[in-house]
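The values are calculated or read from the model by the stated rules, or taken from the named source; none is laboratory data. All values derive from a computational prediction rather than experimental measurement. Quick reminder, even Gly has a Cβ in these numbers, built from the backbone with ideal geometry, and neighbours come from all protein chains shown.
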Amino acid sequence: MRASNAIIGAFAAALFAATPAAAQIGPAPALDPSVSLPAGSRLHVDAGLLAVFGAPLASAAAAKKDGFVWDNRPSIRYGDWFQLDGKALLEGAVESHDPDDTGDGTSFEWGRRRFGVQGSVTKYVEYEATYGWEPDGLWRDLYVNVRPLAYAQVQGGRFKIPFGYERLTGPRNLDFVYRSRVSDALTPGRSVGVMAHGRVFKRALRYALGVFEDDGEQPPDLESMDMVPDEQPQEQGRSWAARATVAPLRLTSLPGKYNNLEVGGAYTHALVPEGRNHLQGDTVFGGEFFDRQYYTKGPRTRLGLEISWAIGQAFLAAEYIVSRDAREGQGVGNETQIDPDLPEIEGRGWYVAGAWVITGENRDGGVNPKRPLLQGGFGAVEVAARYEKLSFASAGSPAEPPSRSPRAANVAGNADSAWTIGVNWYVNRWAKLRFNFINETLDDPALGPAPGASSLQTMVTMFQIGF
Amino acid sequence: MAARRLLAGALLLAALCADVREAAAQTSADLFNDQALQRIDLYVNTRDWYWLRALPESSDYYPANMKWNGTTLTNVGIRLRGSGSRSTTKPALRVDFDRYDAGRTFLGLSAISLRNNVQDPSGVRELLTMKTYRAMGLKAPRMAPAALYINNAYFGFYTLTEEIDEAFLASVFGESSGYLFEYRWSSYYYFGYLGSALAPYAALWAPRTRTTESQGSLYQPVEAMIRSINDASGENFVAAVSQYTDLNVFMRLVAVQAAIAEADGLLGSWAVNNHFLYRLNGRTLHDFIPWDASSSLHALDYPLHVGHDENVLMRRALTVPSLTSLYYDTLVATANLFDQADGAGGAGQAAPGILDLHVAFDEALEEIAGGTDDGDDRTQRERLKRRKRRVEPDEDHEENRADDAPRKPLPRLLR
């Protein structure tokens, strides 16, 4: 398994070697000023957060030209009045598992295939439209942001609900092939809504407060319940989210590459209709370790805490998220009560991750190789590691023994603990190769995808080309 | 004989009703104590209870809590059961203790049935019949009268029934690793030889244990048993057939069935029916276990010799003098059992509770059944048809139990 990964990884690497030359059809890439911005700036976050934390940025040289320019990406610009940047992202991964219970061996899968545009109209309006040609192909981001003032902006359309540091980090700036289990399972992702946001005190304080039509794209589709007579149809209610981050060191005299420590918190509230609709836990290995077995109804809440810090070549991040799905009226009753409420289903998870760019580049704002491959160097190499845990169980301490009954007061919980080690090779500004080895351990393997296996291992090598 | 049957039934019923009390100990014997009216409480979410009753064709499971004798068992699975007895007004239920928690048992049982007695207006035929089997030393499931409460409201008079499963096998055979089959009635069958192919036997006897084994492992001994029943020479009949079934047990069983006027047993009006077959692991000997006696105590003048000529096994067994004697001796012994019941019973002491409740409920059922075909019901049915099957599928395929067999035509004797 490992040998085949290595071979395929080397093959992909060979392909990458040709990429820079092809990519540099336009003017020679100038250093993108955004890379010197602190964590959370444009290159560090994706579209949803972009509008929250960053202004459209362009190199000074390119900004002076009108018409079509190449500024690390294709762009059309007319002074400060109009800017349209093309963006694209292509990913593919070679993956193998142990145990190989499907017998597939090593397999290749396409990842994100996204194309779109982003830019601005005057300095007051920003926009983005990105489409994903993926199995569930749909518009990823489609929004307009109006920013009369940096501290008072309004964004409307489809974009990420402001919750979860890693969720809001764009795929080009992730340190691992896969997001953490807690981000994958407990964050809401994109939805259609309106959000007020802004930044104050030299970006030392940022906030976002939004209302959305649903609980986001990340949770699995809702299961509908068949109505009994005289029952009104239940629909998913609107959700709202709030997030605030503080970067206290920005108010000090520390150099920019050290002062981007950021801590924050976020909260969401959504109304989920009756059904087996709680959040579920998936393994990296493939398959669920906590599936949607239990009936829920009522509010779903999330609370998230986060911290991130890029310190020179190093980067540290950690998150802690708790979600709760209510089960109003889902019980089976007793001597005194019919259809009682059941304890909420609680998802709880955290991760601690770190990365180190061994070739010396700064992590702040993302890794930009000083000496790209075929331009006098080898690119940049980074090592990364993450430890994480995600668990699901009934909230509180129900007296009865745990059960798989869909109306159990004490659900049969499970937890997935995983550690990941990775190597990231930044071939040049546009291309990178990531290798991850992930080892997962389930508290109750019987409820997992490979019931006989105490640990699940995944090796994955992913290439990514994007601008 | 007929008068004795009637009297015995009445007296046993009286004895049954005379001691309505709450059991104190927590054993399966207490649960199936037929001298007490067992109160069974089921707590079911009202949505689940609605759909359980709204979908008569479905055997989907729904979660529930069950309370008996002060003990609450959480997270059991309940579903509709039965075919001829299948009713959404008064649903017959199967309660699985291990549906959501593999291997869980309650008082050593993995499941129980709550029979709705809609095919047994007296509500005691099966109970008396199974009790008679056991009194005669035959292996039969235990039963007890039960008052079923749903969400704290009285719902109906039921018969609590022991399931024929591994737990039952372990309790009566001392092991449960053998091959258990349930007979599935599809047409009149009299133990005639069906040929060397195993499929016809598989169609008649559905495996309930070791279900994943090959057809050869499952049915080769069954085919050999039927072949020997049909093909063994007269002088070799007992020796040949005794390799595959205990003829003495068979004769005693059919004799008790004749005494109790079982019209739908091994020799009843619908030919072979209503039994399980169990073959001990590593052996070829098969045991017959009676099941579903809702047609017992069938009629005062029900003939004693129904099926004797048609049924190959019975016809040939009756050519053996010792077996014939055993048959008639058992018949008399069963009648004597009735006499003993007569002597011991508490005639005139019948507590009104059980029957009154049951009769009142059945009268209500009849009223409900009398005028159901109105527009609202049609609308409801259409709506139900559109409902997706959503709840867990019945992995055990329990809907194929013998009492789920196709509805039978009128027996030849009654046509």
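List of remarks:
- Total residues in the stretch A:115-150 satisfying the condition of being under 23 Å from residue A:78 (Cα atoms), in contact (Cβ under 8 Å) with a residue 40 or more places away in the chain and not polar (S, T, N, Q): the figure is 9.
- From the options B:94, B:81, residue that is touching a residue at least 40 places away in the same chain (Cβ under 8 Å), within 21 Å of residue A:331 (Cα to Cα), basic (Lys, Arg) and touching a strand residue (DSSP E or B) at 6+ places or on another chain (Cβ under 9 Å): B:94
- Residues that are closer than 24 Å to residue B:127 by Cα and outside any loop (DSSP other than H, G, I, E, B), drawn from the stretch B:32-70: B:38, B:39, B:40, B:41, B:42, B:66, B:67, B:68
- The stretch A:400-433 - residue that is basic (Lys, Arg) and more than 14 Å from every other protein chain (Cβ to nearest Cβ) and, of those, nearest to residue A:456 (Cα to Cα): A:432
Condition check ((1) surrounded by fewer than 19 Cβ atoms within 10 Å (Cβ to Cβ); (2) touching a strand residue (DSSP E or B) at 6+ places or on another chain (Cβ under 8 Å)) across all residues:
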{"residue": "B:153", "(1), (2)": "yes, no"}
{"residue": "B:161", "(1), (2)": "no, yes"}
{"residue": "B:167", "(1), (2)": "no, yes"}
{"residue": "B:178", "(1), (2)": "no, yes"}
{"residue": "B:182", "(1), (2)": "no, yes"}
{"residue": "B:186", "(1), (2)": "yes, no"}
{"residue": "B:191", "(1), (2)": "no, no"}
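- Test set (1) in contact (Cβ under 8 Å) with a residue 12 or more places away in the chain; (2) more than 14 Å from chain A (Cβ to nearest Cβ) - residue B:150 fails condition number: (2)
- Of the listed requirements (1) buried (at least 23 other Cβ atoms within 10 Å of the Cβ); (2) assigned to a loop (DSSP other than H, G, I, E, B); (3) more than 14 Å from chain B (Cβ to nearest Cβ), residue A:332 misses just one: (3).
- Qualifying residue in the stretch B:213-229 (condition: surrounded by 15 or more Cβ atoms within 10 Å (Cβ to Cβ), of a type in the set (Asp, Glu) and either at negative phi or without any contact (Cβ under 8 Å) to a residue 12 or more places away in the chain (or both)): yes
- Residue that is farthest from the other protein chains (Cβ to nearest Cβ), among those in the stretch A:381-399 that are within 32 Å of the chain's Cα centre (by Cα) and not in a strand (DSSP E or B): A:395
- Residue check, residue B:75 surrounded by fewer than 24 Cβ atoms within 10 Å (Cβ to Cβ), in a strand (DSSP E or B) and either of a type outside the set (Lys, Arg) or within 11 Å of another protein chain (Cβ to nearest Cβ) (or both): no
- For the stretch A:221-242, taking the residues that are modelled with pLDDT of 90 or more and either surrounded by fewer than 16 Cβ atoms within 10 Å (Cβ to Cβ) or within 12 Å of residue A:188 (Cα to Cα) (or both), the one that is farthest from the other protein chains (Cβ to nearest Cβ) is identified as A:241.
- Residue A:347 vs. criteria touching a residue at least 40 places away in the same chain (Cβ under 8 Å), in contact with a Gly (Cβ under 8 Å, 6 or more places away or on another chain), assigned to a strand (DSSP E or B) and within 30 Å of residue B:66 (Cα to Cα): yes
- Number of the condition not met by residue B:143 [criteria: (1) away from chain A (no Cβ under 13 Å); (2) surrounded by 20 or more Cβ atoms within 10 Å (Cβ to Cβ); (3) under 22 Å from residue B:176 (Cα atoms); (4) touching a Gly at 6+ places or on another chain (Cβ under 9 Å)]: (4)
- If the condition is being aromatic (Phe, Trp, Tyr) and more than 8 Å from chain A (Cβ to nearest Cβ), then the stretch B:49-72 contributes B:49, B:61, B:62, B:68.
- Checking A:122, A:102 one by one, the residue that is surrounded by fewer than 16 Cβ atoms within 10 Å (Cβ to Cβ), over 20 Å from residue A:433 (Cβ atoms) and in contact with a strand residue (DSSP E or B) (Cβ under 9 Å, 6 or more places away or on another chain) is A:122 and no other.
- Scanning the stretch B:35-48 for residues that are within 16 Å of residue B:116 (Cα to Cα) and either out of contact with any Leu (no Cβ under 6 Å at 6 or more places or on another chain) or at pLDDT below 90 (or both), we see that the one that is farthest from the other protein chains (Cβ to nearest Cβ) is B:37.
To keep it simple, each residue is scored yes or no on (1) outside any loop (DSSP other than H, G, I, E, B); (2) closer than 30 Å to residue B:29 by Cβ.
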| site | (1), (2) |
| --- | --- |
| B:170 | yes, yes |
| B:177 | no, yes |
| B:194 | no, no |
| B:197 | no, no |
| B:212 | no, no |
| B:226 | yes, no |
| B:229 | yes, no |
| B:233 | no, no |
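- Output for the stretch A:351-375, where each listed residue is touching a strand residue (DSSP E or B) at 6+ places or on another chain (Cβ under 9 Å) and either within 14 Å of chain B (Cβ to nearest Cβ) or surrounded by fewer than 19 Cβ atoms within 10 Å (Cβ to Cβ) (or both): A:352, A:354, A:356, A:358, A:359, A:360, A:370, A:371
- Meets criteria (on the phi < 0 side of the Ramachandran plot, over 26 Å from the mean Cα position of the chain (by Cα), of a type in the set (Lys, Arg) and modelled with pLDDT of 95 or more) for residue A:327: yes
- When A:239, A:224 are checked against the criterion of being polar (S, T, N, Q), touching a His at 6+ places or on another chain (Cβ under 8 Å) and either in contact (Cβ under 8 Å) with a residue 12 or more places away in the chain or under 30 Å from residue A:98 (Cβ atoms) (or both), A:239 stands alone in meeting it.
- With respect to the stated conditions, residue B:292 fails to be touching a Phe, Trp or Tyr at 6+ places or on another chain (Cβ under 6 Å) and surrounded by 20 or more Cβ atoms within 10 Å (Cβ to Cβ).
- Here residue A:144 meets the list (1) crowded, with 18+ Cβ neighbours inside 10 Å; (2) within 17 Å of residue A:210 (Cα to Cα) almost entirely, failing just condition (1).
Conditions tested, residue by residue: (1) surrounded by fewer than 16 Cβ atoms within 10 Å (Cβ to Cβ); (2) in the same structural domain as residue B:201 (by TED's automatic domain parsing); (3) not polar (S, T, N, Q).
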site: B:247; (1), (2), (3): no, yes, yes
site: B:253; (1), (2), (3): no, yes, yes
site: B:271; (1), (2), (3): no, yes, yes
site: B:280; (1), (2), (3): no, yes, yes
site: B:285; (1), (2), (3): no, yes, yes
site: B:315; (1), (2), (3): yes, yes, yes
site: B:325; (1), (2), (3): yes, no, no
site: B:328; (1), (2), (3): yes, no, yes
